[in-house]
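Every read-out reported here was derived from the displayed coordinates using simple, explicitly stated rules and does not represent laboratory data. As the structure is a prediction and not an experimental result, all values here were calculated from the model. Cβ placement follows ideal geometry from the backbone for every residue including glycine, while neighbour counts extend to all protein chains displayed.
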Amino acid sequence: MMSKSTLLKVILLGDGGVGKSSLMNRYVTNKFDSHLFHTIGVEFLNKELEVDGRRVTLQIWDTAGQERFRSLRTPFYRGSDCCLLTFSLDDGQSFQNLANWKKEFTYYADIKDPDSFPFVVLGNKLDIPERQVSGEDARKWCRENGGHPYFETSAKDATNVASAFEEAVRRIQATDDRDGHLINTDTNTVDLQRKSQPQHSCC
Ligand SMILES: Nc1nc2c(ncn2[C@@H]2O[C@H](COP(=O)(O)OP(=O)(O)OP(=O)(O)O)[C@@H](O)[C@H]2O)c(=O)[nH]1
Ligand SMILES: [Mg+2]
């Protein structure tokens, strides 16, 4: 008999060029492309993993960070179980914009209680020596904006990428254990007590 696997939707948000697609590709396919094209709209990839003895299917949604694609990405926010707010450590403006990304997500995903929603913050491109954002400033922002976990990652050399996605799963599980839940991908049954339902829409 197959064991149960839970489907979890995590969404990567952040300015164009911070490395969202690269983080997803590194995690799912273990590859890195130094000349990746900007994303248009959204794309997603699935990854099976086990966290603390529980099997999950992580559905990672990668969105277009450029402002001109705003209307193409926002319809896909609903049903997210966790939001990965991403900036680049060599780009101070992308860090400044985290608050806007959080606001955009909270509005379009229709999050009723942002304080208890699992956000994880990623400072990417750790491998680049010219930093514009210190770990101290990033941690301070996370502390003051809801106590979000913070990871410094490099999609290029794979630093902390798996740990960041695993933390996303832990945060979701902690929230779900509190609220009651879930979707079972083997039986396709839905627990109607769950607050947010994953959606499987596509363009
Ligand atoms: N040095 C370094 N370069 C990276 C890293 N992650 C991504 N890049 C590069 O940064 C550029 C932008 O990366 P993407 O993954 O396309 O960025 P994105 O956030 O998906 O951008 P949009 O799709 O426009 O929203 C690419 O040339 C990547 O190769 C990293 O960790 N280190
Ligand atoms: Mg992209």
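Details
- Interchain or long-range residues, amide H under 5 Å from GLY17's placed H: GLY65
- The alpha carbon convex hull volume per residue for segment 1-69 rounds to 95 Å³.
- With a simple spin-label model that places each label point 7 Å from the Cα along the Cα-to-Cβ direction, the separation between GLU144 and ARG54 comes to 3.3 nm.
- Spherically averaged projected area of the chain from its Cα convex hull (nm²): 11.3 nm²
- Protection-proxy order for peptides 59-66, 153-160, each taking the mean of Cβ atoms within 10 Å per residue, highest first: 59-66, 153-160
- Amide H within-cut-off set for ASP90, under 5 Å, with H built and near neighbours excluded: GLN132
- Taking amide H positions as modeled 1.01 Å from N, with prolines and chain starts lacking one, the residues under 5 Å from VAL120 and 5 or more places away or on another chain are CYS83, LEU84, LEU85.
- Hz values of 3J(HN,Hα) by residue in segment 15-32 - Karplus curve (6.51, -1.76, 1.60), Gly and Pro given as x: 4, x, x, 6, x, 4, 5, 5, 5, 5, 5, 4, 5, 8, 10, 6, 10, 9
- At full extension, LYS103 and ARG68 could sit 10.9 nm farther apart than now, given 0.36 nm per residue minus the alpha carbon distance.
- Each other residue within a Cβ distance under 13 Å of VAL10 adds +1 if Lys or Arg and -1 if Asp or Glu, for a net charge of +1.
- Spatial offset of segment 70-113 relative to segment 116-169 amounts to 14 Å, using the alpha carbon center of each.
- Antiparallel content of DSSP bridges confined to the chain, in %, to 5: 40 percent
- Dipole magnitude of segment 6-179 about its Cα centre (Cβ charges: Lys, Arg +1; Asp, Glu -1), debye to nearest 20: 280 debye
- The HN-Hα couplings worked out from phi for segment 171-176 by the Karplus form 6.51 cos²θ - 1.76 cosθ + 1.60 (θ = phi - 60°) are 5, 5, 4, 5, 5, 5 Hz, whole numbers, x standing for Gly and Pro.
- Short-range pairs are left out: with C-alpha atoms under 8 Å and at least six residues apart, the relative contact order of segment 6-179 is 25 percent.
- The angle between the Cα long axis of helix 135-144 and the main principal axis of the chain comes to about 50°, on a 0 to 90 degree scale.
- Cross-link pairs beyond the 23 Å C-alpha cut-off, checked among LYS9/LYS102; LYS31/LYS125; LYS9/LYS103; LYS47/LYS140; LYS103/LYS156; LYS102/LYS156: LYS47/LYS140; LYS103/LYS156; LYS102/LYS156
- In the chain, taking the dipole from charged Cβ atoms about the Cα centre, the farthest positive-side position among THR74, SER116, ALA174 is held by THR74.
- By the count of other C-beta atoms within 10 Å, a proxy for reagent exposure, ILE111, ILE128 are ordered fewest to most as ILE128, ILE111.
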